1. Output the 0 to 90 degree angle, nearest 10, between the alpha-carbon long axis of helix 80-89 and the longest principal axis computed from the alpha carbons of the chain.
2. For the chain, modelled as a GNM with alpha-carbon contacts under 10 angstrom, which of Ile32, Ile50, Ile133 fluctuates the most?
3. For the stretch 118-130, in order, what is each residue's ³J(HN,Hα) by Karplus, 6.51 cos²θ - 1.76 cosθ + 1.60 with θ = phi - 60°, in whole Hz (x at glycine and Pro)?
4. Each residue of the stretch 142-149 in order: what ³J(HN,Hα) in whole Hz does its phi give by Karplus 6.51 cos²θ - 1.76 cosθ + 1.60, θ = phi - 60°, with x for Gly and Pro?
5. Once you place label points 7 Å from the Cα toward the Cβ at Glu101 and Lys76, how far apart are they in nm?
6. Tell me, what does the Kirkwood hydrodynamic radius of the stretch 76-130 come to in angstroms if you use every pair of distinct C-alpha atoms?
7. For Rg and Dmax of the Cα atoms in Å, the listed values are (i) 35.9, 126; (ii) 19.0, 56; (iii) 17.2, 55; which was obtained by calculation from the structure presented?
8. Measure nothing fancy, just the Cα-based angle from helix 5-15's long axis to the longest principal axis of the chain, in degrees from 0 to 90, nearest 10.
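Read the figures in this text as sums done on the coordinates, not as results from a lab. The shown structure was predicted, so the numbers you read here are calculated from the model rather than taken from an experiment. Don't worry about glycine lacking a Cβ; one is built from the backbone with ideal geometry, like all the others, and counts go over all protein chains shown.
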Amino acid sequence: MKYSVGFRNSVLRKVLPPENRSVYQVAKEVGISAITIQSWLSRLKDGTMIIEAGDFEPTPGQRGAEEKLKLLLESKSVTDANLGDWLRRHGLHSEHLSLWEQELGDILKDKQQQLRKENAELKKQIKQLQREITKKDKAMAEALAIITLKKKVAAIYANMDEEE
């Protein structure tokens, strides 16, 4: 299987100084065979392959959710016959696509749960505010009734004083 130059170089950078990580650890992380990485290392030592400084492609695990979604959608438009070439061009395996699909589904599910929780909290706040408004409306109605009664009492007493 042929991998993109950027993908190969990013893998090699992990096993070479300054990172000096284990070939097996990196192979497990990026989802490729340790033998493939060892082959690349031997070609690098022989001088038949070089690492170009500016050619870097992120590993599947380093990609953001937005990029993963873009690649997932793009992969859906690729025919089965061309999928292998498309995956190699992007430095991916078919397992990455299924994992990303599950990961993005989990992200959406978590977001939905969060939105539902926020919605429930907001509904609770609305009910509480409506209760406060109702209580204040009743208090205002009582105050208005008391003021109106005071005016009527004052008017009645004023009429009584005039009659006397």
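1. 90
2. Maximum among the listed residues: Ile133.
3. 4, 4, 4, 5, 5, 4, 4, 5, 4, 4, 5, 5, 5
4. With the stated coefficients, the stretch 142-149 comes to 5, 4, 5, 5, 5, 4, 4, 5 Hz.
5. Going from the Glu101 label point to the Lys76 one covers 1.0 nm.
6. 14.3
7. Matching entry in (i) 35.9, 126; (ii) 19.0, 56; (iii) 17.2, 55: (i).
8. Computed tilt is about 90 degrees.
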